[in-house]
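Visitor: This is the structure I want to talk about, given as structure tokens.
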Amino acid sequence: MLELHASVFRRLLGSSLEAVVDFNFRKHLLASVQLRGVTLGGILTAAELRWVVDALEEEVWEDGQMRAAKANTLHLLLRGRASVGMRSLAGKT
């Protein structure tokens, strides 16, 4: 049996196992996003992926909740479903 205490893990990697798993999940998710047939993992360096992952902000939306999204914003849905629509400045769909 091999053993690694949580305090040693934190000292070696700078954060908890949960934080490392969460970061790597987000990095993998981001790297797999396709834009015009090319994955972000294929066009961004490892350092650029880390920067983008560090900049991601998680939002929790309640079922049925509507939000106005900022223009030129990438949204990654982690679970559930979403409907997306566009509204002009005049308020017409």
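Visitor: List the helices (runs of 4 or more DSSP H) that sit entirely inside the range 3-70 and contain at least 2 residues that are within 13 Å of the chain's Cα centre (by Cα), among the small types (Gly, Ala, Ser) and at negative phi.
Guide: 17-32
Visitor: Right, next: Which condition breaks for GLU48 when tested against (1) modelled with pLDDT under 90; (2) surrounded by 10 or more Cβ atoms within 10 Å (Cβ to Cβ); (3) among the acidic types (Asp, Glu)?
Guide: The number of the failed condition is (1).
Visitor: Are any residues in the range 18-31 of a type outside the set (Lys, Arg) and surrounded by 12 or more Cβ atoms within 10 Å (Cβ to Cβ), and if so, which ones?
Guide: Within the range 18-31, ALA19, VAL20, ASP22, PHE23, PHE25, HIS28, LEU29, LEU30, ALA31 qualify.
Visitor: Sticking with this one: Give all pairs with beta carbons closer than 9 Å in which a residue from the range 59-71 that is modelled with pLDDT of 75 or more meets a residue that is β-branched (Val, Ile, Thr) and surrounded by 10 or more Cβ atoms within 10 Å (Cβ to Cβ); count only pairs at least 6 apart in sequence or on separate chains.
Guide: none
The values are calculated or read from the model by the stated rules, or taken from the named source; none is laboratory data. What you are looking at is a predicted structure, and each value in this text was computed from that prediction instead of being measured. Note: ideal-geometry Cβ built from the backbone for every residue, glycine included; neighbour counts use all protein chains shown.
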